[in-house]
Structure formats: C-alpha cells, structure tokens
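Novice: Submitted below is the structure of interest, expressed as structure tokens.
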Amino acid sequence: MAILDILHFPDPRLRTLAKPVEEVDDDLRQLIDDMFDTMYQAPGIGLAATQVNVHRRLIVIDVSEDQSDPLVLINPEIIDRGGVESMDEGCLSVPGFYEKVSRADWVQVRASGRLGEPLELRAEGLKAVCIQHEIDHLDGKLFVDYLSSLKRQRIRKKLEKEARDRPDGRADASHKQQLI
C-alpha cells in the first residue's frame, strides 16, 4: 500500500475532467487500496482519483467512525436526487477550511463496485453529501466553487502563502476534523 500525494487548491490539475474507467483490473484495485490508505491517513471520509492526480472516474468513501464501511464507486452517476442538506464541508484538497454548502439530502447512484460489478444505491445525509462532493471532483469542481468569489479568493491566497512558507511547498493539512 502507498500513501499518495493529494493535490491542493489552486492546483490546476484539480480542474481536469476525469475520464471513464474502461477496465477494472489489478492495477485499478491497487489504486483503490492506495486511495483508501491515503484517505484514512489524511484523515478524510472521501477521496476522488482526481485529487491524487489520476484523472479517472473513481471515488472511495467511508463515512463511518471506525473505518468499517468502505465504499468504492467506479464511474459513478447520480440518477436521482432530492431534498436539501446544508452542512459544513471541508476537503483534503483545501486543507483547514470549512464552509457551509447546500446539496441534495439524498441521491440515487449508479456505478460499478471494486470488482466491476454493477451497483445502485440510495445514500442520505452525510454519505449523500460526500458522494456529491467527490463526483464534483471528477467533474473538475471544488466545494469552494459554491462560495462567493471573495471567500474563494481569500482561501486561495491563504493556501498559496502556506505553500510558499513550507519547505515541501504544500499547504498544511494538520487539523482534527475529518475532511471529504
């Protein structure tokens, strides 16, 4: 297992539109395992392949308290949604920032699972929000895009300054709340 580097806003690679996964093979399953390891270490509750500079339609999620409910969605597609949920979101690619975002309260999702098997599920609450957040990453969109341009610019400037001030050139991700 490997811990992958997570891209940080405003890295332009986060805006890349992910391509569909054509084949579920051992290499993809290794990427899935590495993404879970990376997400859990961060710590986070969701990670899109785009965030680790792999531009394929793949997300991993685990909203459980004890890392006991891993979910793999390959080529996820929201086929229905409803309600409105407004909650503070954070992001492994935008470390240290939390802002209220409104999304659908529930989603119906069609995807393939870890072995390529077709699956369809209905998710509610935090899991629904997490799925929408991660699918946004696959579409080149970040949660900061839901904020005012002023807030987005402040976040950008602060993360750019943090990256300049750190020896490794990366924004600081040392915080306690779990990030999507």
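Novice: Quick check on residue 54: is it modelled with pLDDT of 95 or more, touching a Leu at 6+ places or on another chain (Cβ under 8 Å) and not in a strand (DSSP E or B)?
Specialist: Yes: the conditions hold for residue 54.
Residue-by-condition table, conditions (1) aliphatic (A, V, I, L, M); (2) touching a helix residue (DSSP H, G or I) at 6+ places or on another chain (Cβ under 8 Å); (3) open to solvent by 80 Å² or more (accessible area, probe 1.4 Å):
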position: 120; (1), (2), (3): no, no, yes
position: 130; (1), (2), (3): no, no, no
position: 142; (1), (2), (3): yes, yes, no
position: 148; (1), (2), (3): no, no, no
position: 152; (1), (2), (3): no, yes, no
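Novice: Quick check: is even one residue across region 36-53 closer than 29 Å to residue 149 by Cβ and either open to solvent by 70 Å² or more (accessible area, probe 1.4 Å) or in contact with a Phe, Trp or Tyr (Cβ under 6 Å, 6 or more places away or on another chain) (or both)?
Specialist: no
Novice: If we scan region 6-18, do we find a residue that is closer than 22 Å to residue 124 by Cβ and open to solvent by less than 10 Å² (accessible area, probe 1.4 Å)?
Specialist: no
Novice: Assuming residue 69 fulfils every condition listed in (1) touching a strand residue (DSSP E or B) at 6+ places or on another chain (Cβ under 9 Å); (2) open to solvent by 10 Å² or more (accessible area, probe 1.4 Å); (3) outside any strand (DSSP E or B); (4) in contact (Cβ under 8 Å) with a residue 12 or more places away in the chain apart from one, which condition is it?
Specialist: Here residue 69 clears every test but (4).
Novice: Additional query: Confirm whether residue 33 is out of contact with any Asp or Glu (no Cβ under 6 Å at 6 or more places or on another chain), surrounded by fewer than 17 Cβ atoms within 10 Å (Cβ to Cβ) and in a helix (DSSP H, G or I).
Specialist: Taking the combined requirement at face value, the residue satisfies it.
The values are calculated or read from the model by the stated rules, or taken from the named source; none is laboratory data. Just so we're clear, the structure is a prediction, and the values are computed from it rather than from any experiment. Positions of Cβ are backbone-derived with ideal geometry, glycine not excepted, and every protein chain shown enters the neighbour counts. All accessible areas refer to the heavy atoms of the entire protein, side chains included, with ligands and DNA or RNA removed. Shrake-Rupley method; radii C 1.70, N 1.55, O 1.52, S 1.80 Å.
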